[in-house]
Amino acid sequence: MLVMFLRRVAGSFPHSRRLISSSSNSRHDVSSTIMELNKEMESVFGEPPSSYLASSVTEEHVVAQEPQAEFQKERESSIGLTHVGNTGEAQMVDVSLKGSTKRTAIASCKVILGKKVYDLVLANQIAKGDVLSVAKIAGITGAKHTSSLIPLCHNITLNHVRVDLTLNPEDWSVNVEGEATSTGKTGVEMEAMTAVSVAGLTVYDMCKAASKDIAITDIRLESKTGGKSGDWSRQ
């Protein structure tokens, strides 16, 4: 019976050592193997193994796990650009394991018209028509096509898109603000920023016959909510 037990030990421990170095699931397998060996030792010798033997095997397993855990922690802390793979290639982020949350994002930009064009827009005298209304619709449409324009963006379902354009007499400009909302696994920052960008471009297109000196500036994210990173605001 003792010979059978020693054969059992010789066959089990190399297997458990492989399990220790194979994956994070090895903890349960090693613990089960140790429990089985303890029972066999008790049946052969009439008493369980010393606590020193059991603890030393467990400590060896823990020590073997520590480098892997430290490597994983270091890897997670060093993550910066999620669209860049381990070898530097471009990649689409896998969001399959992320939870769905309500997400919002607000972005803005400014279109500097100059006094001449500003007065024409204010009086609705631009030849192509109502500049602000057309730009508003263009911004909403742009948000819905973000994944077609930005190659690594996910194609998400938007709950709502808002685009507001207001004339600013202080610097003869149009202030554009866009908001996108969704309930899903990835954020809507790009949708909000695409909305204001397309709206700004549309203002330029509507007014370019009157002036080529129009400038689109300060395209930026103002705030976002939801997701793993939580809420953020420029203010």
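The values are calculated or read from the model by the stated rules, or taken from the named source; none is laboratory data. Worth saying up front: this structure is predicted, and the values here are computed from it rather than measured. Every residue, glycine as well, gets a Cβ built from its backbone with ideal geometry; the counts of neighbours run over all protein chains shown. The accessibility values were calculated without ligands, DNA or RNA, using every heavy atom of the protein model including side chains. Shrake-Rupley method; radii C 1.70, N 1.55, O 1.52, S 1.80 Å.
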Practice prompt. Give the residues of region 185-200 that are within 11 Å of the chain's Cα centre (by Cα) and either hydroxyl-bearing (S, T, Y) or not in a loop (DSSP other than H, G, I, E, B) (or both), sorted by residue number.
Written response: T186, E189
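Test L167 against the stated conditions and say whether it is in a strand (DSSP E or B), at pLDDT 95 or above, farther than 19 Å from L221 by Cα and open to solvent by less than 60 Å² (accessible area, probe 1.4 Å).
Working: in a strand (DSSP E or B): yes; at pLDDT 95 or above: yes; farther than 19 Å from L221 by Cα: yes; open to solvent by less than 60 Å² (accessible area, probe 1.4 Å): yes.
Considered against the rule, which asks whether it is in a strand (DSSP E or B), at pLDDT 95 or above, farther than 19 Å from L221 by Cα and open to solvent by less than 60 Å² (accessible area, probe 1.4 Å), L167 comes out as yes.
Listed residues W232, W172; which is open to solvent by 20 Å² or more (accessible area, probe 1.4 Å) and at positive phi? Reasoning before the result, please.
Details: W232 fails: at positive phi.
Unique residue meeting the criteria: W172.
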Worksheet item: Of all the residues that make up region 106-119, how many are open to solvent by 30 Å² or more (accessible area, probe 1.4 Å) and part of a strand (DSSP E or B)?
Response: 3
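Out of region 123-158, which residues are of a type in the set (S, T, N, Q) and surrounded by 13 or more Cβ atoms within 10 Å (Cβ to Cβ)?
Once the filter is applied, which keeps residues that are of a type in the set (S, T, N, Q) and surrounded by 13 or more Cβ atoms within 10 Å (Cβ to Cβ), region 123-158 yields T141, T146, S147.
Please verify whether region 135-145 includes one or more residues that are assigned to a loop (DSSP other than H, G, I, E, B) and within 24 Å of A90 (Cβ to Cβ). Step through it out loud before you land on a result.
First pass over region 135-145, keeping only residues assigned to a loop (DSSP other than H, G, I, E, B): 145.
Now narrow it down to the ones that are within 24 Å of A90 (Cβ to Cβ): 145.
Yes - at least one qualifying residue is present in region 135-145.
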Discussion item. Restricting to region 176-192, and then to whatever is open to solvent by 50 Å² or more (accessible area, probe 1.4 Å) and not charged (D, E, K, R), can you tell me which residue is farthest from N159 (Cα to Cα)?
Written reply: M190
Item to complete: Being hydrophobic (A, V, I, L, M, F, W, C), touching a strand residue (DSSP E or B) at 6+ places or on another chain (Cβ under 9 Å) and open to solvent by 40 Å² or more (accessible area, probe 1.4 Å) is the filter here, so list the residues in region 83-105 that pass it.
Response: V84, A90
Fill in: First in region 163-183 and in contact (Cβ under 8 Å) with a residue 60 or more places away in the chain, second anywhere and open to solvent by 30 Å² or more (accessible area, probe 1.4 Å) and acidic (D, E), Cβ under 6 Å, 6 or more apart
E177/D164
Worksheet item: What single numbered condition from (1) modelled with pLDDT of 95 or more; (2) outside any strand (DSSP E or B) fails to hold for E177?
Response: (2)
Worksheet entry | Answer residue from region 145-188, given it is touching a strand residue (DSSP E or B) at 6+ places or on another chain (Cβ under 7 Å) and among the charged types (D, E, K, R) and is nearest to K228 (Cα to Cα) among those | E179
Worksheet item: Only one residue in S229, S182 is of a type in the set (S, T, N, Q), modelled with pLDDT under 95 and either more than 15 Å from A105 (Cβ to Cβ) or not in a helix (DSSP H, G or I) (or both), so which one is that?
Response: S229
